[in-house]
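To keep things clear, I will list the structure first and then write my remarks on it.
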Amino acid sequence: RITQRKKFQVSTKENTIQIYTDGSKDAEENTGYGYHIMYKNSGYSEIGSLRNFNSVFQAEAHSITASALKLLRSWNTENQNIIFYSDSQASIKSLQKTKITSETIKKCNNTLNKLATKNNKITIKWIPGHSDYDGNEIADSLAKMGSHSDNQHKHIKIPHKSIISKLKNYYNEAHINRWQINNLHYDCSYPVNCLLKKCNFNLPKLSYIILNLPTKSLRILLKIITGHNNLNSHLHRMNMALEPLCEFCDLQNSGIDPIFCPDETAMHIIEDCPAFAIQRIHHFQNFRVTLTEILNSKNPLPSTLRNIIKFFDKSDCFKKVPQFTKPISPRR
């Protein structure tokens, strides 16, 4: 049962077996359990570790199971008043359910029922954590020690939710690392990295903001982010333009040597193409600006994205007709 924190009291009845249980998981994912049995003037403790993928919930429940098994198998406990103390409300509430789906909780429930068939009176009580109760503090220390114990219990199945969560985190980190390291996709990785930094690398948050844009705005933003558009840099890779160079730059009046003319990309258009200097001043208050500087403004990301999309929409650069409507033969 779960009582209010203020009303909680440790039992003072004589001839009562009191068991304090706990589970632990540290920053390095080490998972362990520990329990401490107190009876009259004697005590017994045990620790153990679980696999890193096991949850702290499983560790908490397994500590109850392990202590109950000790009473059953080693001590053959009968006709006793037994109180289990646990600071895990989730474990206690799971044991109270009529339908149990967790394998760890099922085993815990079955073990407690077997212990009850020995004419033992069993009570499971919630104890407030870190409240200076001696037995609970001992169990807490034991669980932390257990997370580094060689006595590992590998039979406890890894929960399905933990597997999904681990996979998502792994591929999310791998995806971000790939974009940060891989320079071969600079046209795409540069804007994505800038957007992720604005969101503190919170990919779900960025996805939510982007997917809630209107269809037309989303189409323009995807052309900016992916680099898949009708600008010469992409068309040249698709063999639909003779050169990747920017057609908007006025080479004769700007004094730029055609050899050093930049590729026609979305980043060149928004950052430093001379043909769009006036539009940049109007939208970003500067004739030359970087995407990082644009996103570092105090405006929230949705507002900044709308301004960027409006800049490209007004520039009509994505509306230009390709030189060739079909891929040309590769030059030999």
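The values are calculated or read from the model by the stated rules, or taken from the named source; none is laboratory data. Please read these numbers as outputs of a predicted model, since none were measured by experiment. Methodologically, a virtual Cβ is constructed for each residue, glycine included, from the backbone with ideal geometry; neighbour enumeration extends over all protein chains shown. Remember, those area values only see protein heavy atoms, side chains included, never the ligands or the DNA or RNA. Shrake-Rupley method; radii C 1.70, N 1.55, O 1.52, S 1.80 Å.
Shape annotation for the stretch 17-162: C-alpha extents along the principal axes are 41, 34, 27 Å, from largest to smallest.
At a 10 angstrom cut-off on C-beta neighbours, averaged per residue, how do the peptides 268-274, 26-32 rank from highest to lowest?
Working: 268-274: 20.6, 26-32: 15.9.
Per-residue Cβ counts within 10 Å, averaged per peptide and sorted highest first, yield 268-274, 26-32.
Peptide packing: for 9-18, 83-92, the average count of neighbouring Cβ atoms within 10 Å per residue gives the ranking 83-92, 9-18, highest mean first. Within the stretch 47-64, find all residues whose amide N lies under 20 Å from a label point positioned 7 Å from the Cα of THR101 along Cα-to-beta-carbon. In the stretch 47-64, the label zone of THR101 (backbone N under 20 Å from the point 7 Å along Cα→Cβ) covers 54-62.
Full extension of the chain between LYS70 and ALA90 yields a length gain of 4.9 nm, computed as 0.36 nm times the residue separation minus the alpha carbon distance. Database remark: amide H of GLU46 closer than 5 angstrom to the amide H of TYR35 (H placed geometrically; neighbours at sequence offset of 5 or more, or on other chains; Pro and chain starts carry no H).
To the nearest µm²/s, what D does Stokes-Einstein give for the chain at 25 °C and 0.890 mPa s, using the Kirkwood radius over alpha carbon pairs as Rh?
Details: Rh = 25.2 Å.
Value of D from the Cα-based Kirkwood radius: 97 µm²/s.
Quick note on the stretch 1-90: its Rg to Rh ratio, both from C-alpha atoms and Rh being the Kirkwood radius, is 1.00.
Of all DSSP beta bridges confined to the chain, the antiparallel ones make up roughly 60%.
The label-point distance for LYS319 and LYS40, in a model that sets each label 7 Å from Cα toward Cβ, rounds to 9.4 nm. Suppose R0 equals 56 Å; then what is the FRET efficiency for ASN15 and LEU301 from their Cβ-Cβ distance, rounded to the nearest 0.05? For ASN15 and LEU301, the calculated efficiency is 0.30.
What percentage of the solvent-accessible surface of the chain, computed with a 1.4 Å probe over protein heavy atoms, is contributed by carbon and sulfur atoms?
Values: 10180 of 19580 Å².
Answer for the chain: carbon and sulfur cover 52 percent of the accessible area.
Here the Karplus curve 6.51 cos²θ - 1.76 cosθ + 1.60, taken at θ = phi - 60°, turns the phi angles of the stretch 240-247 into couplings of 10, 8, 5, 9, x, 5, 6, 7 Hz, with x standing for Gly and Pro.
Kindly state, to the nearest 0.05, the FRET efficiency for ALA27 paired with PHE287, given R0 = 41 Å and r defined as their beta-carbon distance. Mind dumping the intermediate values first?
Numbers: r = 48 Å, r/R0 = 1.18.
Approximately 0.25, to the nearest 0.05.
The order of the peptides 286-296, 141-151, 59-69 by mean Cβ neighbours within 10 Å, most packed first, is 59-69, 141-151, 286-296.
Of LYS25/LYS70; LYS168/LYS314; LYS166/LYS298, which sit over 32 Å apart, Cα to Cα?
The pairs that break the limit, which is 32 Å between Cα atoms, are LYS168/LYS314; LYS166/LYS298.
Each label was represented as a point 7 Å from its Cα along the Cα-to-Cβ direction; for GLN152 and ASN81 these points are 4.2 nm apart.
Legend: translational diffusion of the stretch 270-310 by Stokes-Einstein, Rh = Kirkwood radius over C-alpha pairs, 37 °C, 0.692 mPa s; D = 320 µm²/s. Computed from backbone phi with θ = phi - 60° and the Karplus coefficients 6.51, -1.76 and 1.60, the 3J(HN,Hα) list for the stretch 134-149 is 3, x, 5, 5, 5, 4, 4, 5, 5, 5, 5, 5, x, 5, 10, 7 Hz; x is used for glycine and proline. From the cross-link list LYS121/LYS144; LYS197/LYS319; LYS99/LYS157, which pairs have alpha carbons spaced over 21 Å apart? Check vs 21 Å cut-off fails for LYS121/LYS144; LYS197/LYS319.
Largest accessible area first, the listed residues LEU115, LEU167 line up as LEU167, LEU115 when surface is computed with a 1.4 Å probe on the assembled protein chains. For the stretch 1-85, the solvent-accessible area of protein heavy atoms averages 50 Å² per residue (probe radius 1.4 Å; ligands and nucleic acids excluded).
The distance between label points at ARG178 and ASN113 comes to 4.8 nm (points 7 Å beyond Cα on the Cα→Cβ vector).
Divide by every residue of the chain the summed helix terms, -39500 (n - 2.57) for each DSSP H run of at least 4, and state the resulting mean residue ellipticity at 222 nm, rounded to the nearest 500 deg cm²/dmol. Walk me through the numbers on the way to the answer.
Numbers: 14 runs with 149 residues, N = 332.
It lands at -13500 deg cm²/dmol.
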